[in-house]
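Q: Dropping the structure in here first, questions after.
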Amino acid sequence: MSRKRVWITRRLSDATLERAARDYDVVINHEDTPGTAQDLIAASAEFDAVIPCHSEHFSADVVAQFADRLRLRIVANHSVGVDHCDLPALKKRGIAVTNTPDVLSDATAELAMLLMLGAARNAVAGDRIVRTGAWESWSPAFMVGKQVTGARLGIIGMGRVGRAFAAKARGFDMEIHYYNRSELPANQAQGARYHRSIESLLGVADFLSLHCPATAETINLMSADRFSLLPQGAVIVNTARGALIDEDALLHALIEGRISAAGLDCFQEEPGGNPAFAAHDNIFMLPHIGSATRETRDAMGFRALDNLDAFFAGQTPGDLL
C-alpha cells in the first residue's frame, strides 16, 4: 500500500519530522515561511493530509477554492487554537480537523507567570537601565513595582491553561477568581472563586490573565468599558490570542493609569505586534512563544501525528473537532 502524502507547513521539531518521515511520504517546508492561500489551495489536490500551524489560514474563501478532485482529508493542526480554520467550511468539504490540546498547558502557564512578574516588577525598564549603563543611583523610590504575592488574580477562561496558571499562582499565595462559561467542579476549581459575569470578575482583579479562545464572541473582549472596571493599577496578561484585547483601549488605560502594566505574548497583528507599544516600558512583550519549549514542541508534533495515525487507521482521532 502506498504511504499517505503529508505536507508539513513549518519547521517542526526534529523528533516530529523524523517520526513523520518514517511513517508517511512527507514534504517539509524547510524555508519555514507561512503557507500562502495558494499553497493551501494547491495542497488540497496534492496531499492526503496537512499539518499546519496557526500561521496557515484555512478561511472560508480559501476552502471554497479547494480542488474539485479533492485529495485532502485531514488538517491536523500543530496548535491548540483553531481560529485560523473555518471549521464549518472544512467540514462541508468533508475534511477532518484536529488540534493538540493538553500538551502545552504548563509551558504557556509558565510564560504567563513570567509576563505577570515582569510586568509587575518593571522588567523592561530595569533591563534597559542596566543594559545601557544608565544605572547610576538608587533610592527607596527607585523602580517600585506591584507585589504579586497575596494579590487577587482574575482568570478569564479556566480551561487547561487557565487551571495550570492558577496552580502556579497559588505558589504565590494569590487569591484566585475566575470567569468561565460554566462553573468548575470543586476538584478542578481548587478553591478558586467563580464569577457569573466578566464584569463581576474585573472588579476584583488586581491581576487579570486571559486564557480563552478567540471567537466571534470574544474578539475585543477587553474593551474600553471593561478596562474601566478594573481596580486602579491592575496588571493584565495575555498569552491566548491578540484578538481578545482592543489595543487602542489598552493603550488608553495604560496612559490614564487605570492599569499599571501589561504582559503580552500575542497581538492583533502577527508577526510584528503593535509598534505603538514599543514606547511604553510598562508593556512587557514576547513574540508569541507561550508553547516554545523543546519538550512541548515534541509533544505537540507527536500529538498531531497521533491524530493522523488514528485517522488513517480508520479510527476517530482523539482530538477531532
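The values are calculated or read from the model by the stated rules, or taken from the named source; none is laboratory data. Nothing here was measured: the structure is a model prediction, and the numbers come from that model. Cβ placement follows ideal geometry from the backbone for every residue including glycine, while neighbour counts extend to all protein chains displayed.
Q: Quick one: D86 ticks every box in (1) acidic (D, E); (2) assigned by TED's automatic domain parsing to the domain that holds I41; (3) under 29 Å from S260 (Cα atoms) bar one, so which box is it?
A: D86 satisfies all of (1) acidic (D, E); (2) assigned by TED's automatic domain parsing to the domain that holds I41; (3) under 29 Å from S260 (Cα atoms) except (3).
Q: Within the range 68-78, track down each residue that is surrounded by 14 or more Cβ atoms within 10 Å (Cβ to Cβ) and aliphatic (A, V, I, L, M).
A: L72, I74, V75, A76
Q: Residues that are at pLDDT 95 or above and buried (at least 22 other Cβ atoms within 10 Å of the Cβ): find the strands (runs of 3 or more DSSP E) completely inside the range 170-234 holding 2 or more of those.
A: In the range 170-234, 175-179, 207-210 are the strands (runs of 3 or more DSSP E) which contain 2 or more residues that are at pLDDT 95 or above and buried (at least 22 other Cβ atoms within 10 Å of the Cβ).
Q: Moving to a separate point now. Are any of the residues in the range 248-256 under 18 Å from F284 (Cβ atoms), part of a strand (DSSP E or B) and of a type in the set (G, A, S)?
A: The answer is no; no qualifying residue exists.
Q: Here's something else I'd like to know. Check the range 35-46 and report whether any residue there is surrounded by 14 or more Cβ atoms within 10 Å (Cβ to Cβ), over 24 Å from the mean Cα position of the chain (by Cα) and closer than 24 Å to R241 by Cβ.
A: Yes; the residues of the range 35-46 include at least one that is surrounded by 14 or more Cβ atoms within 10 Å (Cβ to Cβ), over 24 Å from the mean Cα position of the chain (by Cα) and closer than 24 Å to R241 by Cβ.
Q: Turning to a different aspect of this structure: I want to confirm something. Restricting to the range 79-99 and keeping residues that are of a type in the set (S, T, N, Q) and over 12 Å from the mean Cα position of the chain (by Cα), which single residue is surrounded by the most Cβ atoms within 10 Å (Cβ to Cβ)?
A: Across the range 79-99, the extreme among qualifying residues is T98.
Q: Something else now. On the given criteria, is E136 surrounded by fewer than 12 Cβ atoms within 10 Å (Cβ to Cβ) and either in a loop (DSSP other than H, G, I, E, B) or modelled with pLDDT under 95 (or both)?
A: yes
Q: Consider T239 carefully, then state whether it is surrounded by fewer than 19 Cβ atoms within 10 Å (Cβ to Cβ), within 27 Å of R160 (Cα to Cα) and either in contact with a Pro (Cβ under 9 Å, 6 or more places away or on another chain) or assigned by TED's automatic domain parsing to the domain that holds A125 (or both).
A: So T239 does not fit the description; no.
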